[in-house]
2 protein chains.
Amino acid sequence: MKGTVLHGPNDIRFEEVPEPKIEKPTDAIIRIAVTCVCGSDLWPYRGISPGSGPTRMGHEYCGYVEEVGSAVMAIKKGQFVVGSFATSDNTCPTCNIGYQSSCVQREFVSQAQSPYLRVAHADGTLVATREAPDASMVPGLLASSDVLGTGWYAADAARVRPGVTAVVVGDGAVGLLAVLSAKQMGAERIIVMSRHPARQKLALDFGATDIVAERGEEGVARIMELTRGLGADSVLECVGTGESMQQAMRVTRKGGHMSFVGVPHGVEIEGQALFFSHIHLEGGPAPVRRYLPDLIDLILDQKIDPSAVFDLVLPLDQVAEGYKAMDERRAIKALLQP
Amino acid sequence: MKGTVLHGPNDIRFEEVPEPKIEKPTDAIIRIAVTCVCGSDLWPYRGISPGSGPTRMGHEYCGYVEEVGSAVMAIKKGQFVVGSFATSDNTCPTCNIGYQSSCVQREFVSQAQSPYLRVAHADGTLVATREAPDASMVPGLLASSDVLGTGWYAADAARVRPGVTAVVVGDGAVGLLAVLSAKQMGAERIIVMSRHPARQKLALDFGATDIVAERGEEGVARIMELTRGLGADSVLECVGTGESMQQAMRVTRKGGHMSFVGVPHGVEIEGQALFFSHIHLEGGPAPVRRYLPDLIDLILDQKIDPSAVFDLVLPLDQVAEGYKAMDERRAIKALLQP
């Protein structure tokens with residue numbers, strides 16, 4: 001089959017790769033219904049976190065179970081399933097407290113931009129829908145696999161509760177779905193930092209109440225103005241740079257909660273600044289598996305629709321254009337159809 | 001009167017200083033019953049956080065109200081009171097959510113190693129006992145002013161709950177009282193990192209179940225051995241150096257809680273390390289005022305006795321020896337009697 005391989009900065013190829021096979025009895029093989037390009041794929045694409053040699057890409061997926069290993073019990077051939085970018089046994093002590101993305105047996109999925117995918121720990125990683133979903137639901141379900149799950153974690157880890165004021169730093173797909181998540185969790189006010197008109201509009205559609213286009217000192221000052229000089233209860237950092245982390249820390253109120261959900265690049269947090277900011281801080285790879293059953297229900301019951309983040313749809317063999325469009329910020333997120 | 005002044009590294013003098021006066025109608029003047037030397041006083045004493053010129057010292061105190069300003073309502077002349085090292089109005093939005101040490105009107109107390117002290121925002125800062133306490137209770141009450149309040153915050157912010165495994169990094173007075181606090185909050189296992197025999201003994205008296213003398217890699221390995229390879233639920237960082245912060249982060253389980261309660265010195269937290277450690281992190285100046293009413297009751301009802309951390313008692317005019325003994329680790333904490 002053909003799959004997506006990154007050969008070096010800006011060099012994405014759709015080329016011959018081995019078909020996946022069951023390697024362990026706990027594996028499953030999925031026929032991908034749809035997959036997509038993640039904001040985090042852009043780091044190696046831009047050469048910022050360089051890989052060693054050609055690298056298979058993709059970690060967001062949903063599709064039909066093609067085959068299962070002999071030890072797979074819950075997941076059955078033919079089911080439609082969604083999985084997380086991090087595999088989990090869902091039985092270890094870390095999974096048991098809801099941190100499946102740090103499961104003691106975790107593997108990171110990395111070959112999903114392909115027609116077929118092997119998923120390890122299938123029973124603990126995949127969640128099946130009750131029946132095959134309508135085609136219109138599939139993009140939303142794909143979103144739950146990572147980008148929505150990560151936005152949801154951003155809101156949960158920043159302790160969004162009914163009535164709070166939330167700030168979302170970042171207007172990428174994760175940031176936009178963090179807005180949707182904060183809205184769903186009852187935030188009264190949702191301030192988004194964005195200077196991109198199309199993304200501002202989508203943020204408003206998802207429930208944002210205020211847009212702040214300023215950055216740096218001016219951005220901090222503007223948020224302080226909007227929050228009685230105190231800062232926000234909940235701040236959701238959805239970028240992962242030193243600048244965005246600083247921004248987020250400085251607009252969280254004393255005693256408030258800040259989350260960070262993108263892998264940080266070039267970030268050093270100065271101890272005294274953190275100390276005197278007096279915040280709660282939680283970040284890490286989103287434990288999507290914890291949220292998947294609920295997210296799938298919310299989507300199928302049409303209570304939330306995250307699919308609008310996919311503003312570019314391409315056949316899988318044009319994956320390179322998907323990367324390019326996202327890199328140039330012409331697209332928020334590219335959905336790929338095998 | 002005479003008071004304590006730091007003139008430069010290792011140069012503490014007890015010398016003539018102005019007597020405090022009511023400056024604002026919300027002030028009170030306290031006649032100090034006892035005061036003490038804080039671990040944090042050693043940073044400027046060692047020249048690590050250099051002051052600019054001679055600096056009045058001391059921020060832990062309890063004593064009798066000598067005089068109150070015209071706007072002070074709750075606190076009365078003659079009462080025995082304990083206050084926090086950070087003043088607070090106890091009415092602002094930050095105080096209202098329990099973060100009084102980041103009150104919008106906060107001032108840091110810094111002249112307490114003296115016979116008399118002016119305390120700003122007296123009504124919001126000071127807590128009076130129902131009656132003048134027995135002399136035997138006074139050292140314990142003094143501890144609640146900072147060192148116990150800070151250890152208590154370490155345990156609370158690290159989410160110590162009945163049944164958890166807690167690790168305390170640091171065997172200074174705060175670390176030792178963090179052990180007492182974790183015990184009081186129901187921790188099942190309390191592992192203390194200490195290589196100092198007298199402090200190990202006191203930690204065991206306060207409720208520690210295990211002592212780990214190893215540091216660095218070996219210290220991490222030993223804690224992993226004691227926690228099924230997972231790390232601890234609650235880790236209380238009570239030192240404030242880069243090394244101790246690293247140690248603490250690395251022994252917190254995924255999804256666990258780490259607190260840090262000493263002002264960090266030379267600490268930079270690397271973003272990806274924090275991200276993949278997947279912990280909850282909370283630190284800052286301890287909101288002692290939140291805990292004071294309960295701590296005072298626990299002490300007066302003899303449910304806890306933190307006073308054993310004071311292993312050196314000196315007349316106030318020998319304050320320089322108190323600093324020296326603590327700096328050389330001959331004493332855990334020096335109590336000073338005016």
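The values are calculated or read from the model by the stated rules, or taken from the named source; none is laboratory data. Values in this document were obtained by computation on a predicted structure and should not be read as measured data. Neighbour counts run over all protein chains shown; Cβ positions are idealised from the backbone, glycine included. These area figures cover heavy atoms from the full protein model, side chains too; ligands, DNA and RNA do not enter into them. Shrake-Rupley method; radii C 1.70, N 1.55, O 1.52, S 1.80 Å.
Brief remarks follow.
- Qualifying residue in segment B:98-107 (condition: under 17 Å from the mean Cα position of the chain (by Cα), at pLDDT 95 or above and either away from every other protein chain (no Cβ under 14 Å) or within 20 Å of B:S70 (Cβ to Cβ) (or both)): yes
- On inspection, B:C36 does not qualify as farther than 21 Å from B:G151 by Cβ and crowded, with 20+ Cβ neighbours inside 10 Å.
- Residue in segment A:96-109 that is in contact (Cβ under 8 Å) with a residue 60 or more places away in the chain, at positive phi and either open to solvent by less than 20 Å² (accessible area, probe 1.4 Å) or of a type in the set (G, A, S) (or both) present: yes
- For the residues A:A143, A:A120, the requirement of being modelled with pLDDT of 95 or more, more than 14 Å from every other protein chain (Cβ to nearest Cβ) and surrounded by fewer than 23 Cβ atoms within 10 Å (Cβ to Cβ) singles out A:A120.
- Condition met for A:T125 (surrounded by 16 or more Cβ atoms within 10 Å (Cβ to Cβ), of a type in the set (V, I, T) and free of Cβ contacts under 8 Å to residues at least 40 places away in the same chain): no
- For segment B:81-95, filtering for residues that are touching a helix residue (DSSP H, G or I) at 6+ places or on another chain (Cβ under 7 Å), open to solvent by less than 10 Å² (accessible area, probe 1.4 Å), without any contact (Cβ under 8 Å) to a residue 60 or more places away in the chain and more than 11 Å from chain A (Cβ to nearest Cβ) leaves 1.
- Residue that is modelled with the lowest pLDDT, among those in segment A:258-276 that are open to solvent by 30 Å² or more (accessible area, probe 1.4 Å) and not in a loop (DSSP other than H, G, I, E, B): A:H265
- Filter result for the condition that a residue is within 15 Å of A:L142 (Cα to Cα) and touching a Ser or Thr at 6+ places or on another chain (Cβ under 7 Å), over A:L335, A:L312, A:L292, A:L298: A:L292
- Output for segment A:4-46, where each listed residue is in contact with a Leu (Cβ under 9 Å, 6 or more places away or on another chain), more than 11 Å from A:A320 (Cα to Cα) and not basic (K, R): A:P20, A:A28, A:I29, A:I30, A:I32, A:A33, A:V34, A:T35, A:C36, A:D41, A:P44
Residue-wise test of (1) within 20 Å of A:A286 (Cα to Cα); (2) assigned to a loop (DSSP other than H, G, I, E, B).
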| site | (1), (2) |
| --- | --- |
| B:G229 | no, yes |
| B:V235 | no, no |
| B:Q246 | no, no |
| B:G255 | yes, no |
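- Filter pass, B:G78 being in contact with a Phe, Trp or Tyr (Cβ under 9 Å, 6 or more places away or on another chain), more than 27 Å from A:T227 (Cα to Cα) and buried (at least 22 other Cβ atoms within 10 Å of the Cβ): no
- For the residues B:A158, B:A178, the requirement of being over 30 Å from B:T26 (Cβ atoms) and within 14 Å of chain A (Cβ to nearest Cβ) singles out B:A158.
Condition check ((1) surrounded by fewer than 16 Cβ atoms within 10 Å (Cβ to Cβ); (2) outside the structural domain of B:M249 (by TED's automatic domain parsing); (3) more than 25 Å from B:H265 (Cα to Cα)) across all residues:
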| site | (1), (2), (3) |
| --- | --- |
| B:P197 | yes, no, yes |
| B:L202 | no, no, yes |
| B:D205 | yes, no, yes |
| B:R215 | yes, no, no |
| B:E225 | yes, no, yes |
| B:L230 | no, no, yes |
| B:E237 | no, no, no |
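- Taking the conditions (1) within 20 Å of the chain's Cα centre (by Cα); (2) over 19 Å from A:P139 (Cα atoms) in turn, A:E67 satisfies each one other than (1).
- In the set B:A135, B:A187, only one residue is farther than 16 Å from B:L292 by Cα, surrounded by 21 or more Cβ atoms within 10 Å (Cβ to Cβ) and not charged (D, E, K, R); that residue is B:A187.
- Residues that are open to solvent by 10 Å² or more (accessible area, probe 1.4 Å) and in a loop (DSSP other than H, G, I, E, B), drawn from segment B:39-66: B:R46, B:G47, B:I48, B:S49, B:P50, B:G51, B:S52, B:G53, B:P54, B:M57, B:H59
- Qualifying residue in segment B:107-120 (condition: out of contact with any helix residue (DSSP H, G or I) (no Cβ under 7 Å at 6 or more places or on another chain) and part of a helix (DSSP H, G or I)): no
- For segment A:239-257, a tally of residues being facing chain B (nearest Cβ under 8 Å) and open to solvent by less than 20 Å² (accessible area, probe 1.4 Å) returns 3.
- B:L202, sole failed condition from (1) in a helix (DSSP H, G or I); (2) away from every other protein chain (no Cβ under 14 Å); (3) within 21 Å of B:R329 (Cβ to Cβ); (4) in contact with a strand residue (DSSP E or B) (Cβ under 8 Å, 6 or more places away or on another chain): (4)
- Of all the criteria given as (1) closer than 24 Å to A:A166 by Cβ; (2) without any contact (Cβ under 8 Å) to a residue 12 or more places away in the chain; (3) at the interface with chain B (Cβ under 9 Å from one of its Cβ atoms); (4) not basic (K, R), the one not satisfied by A:Q272 is (1).
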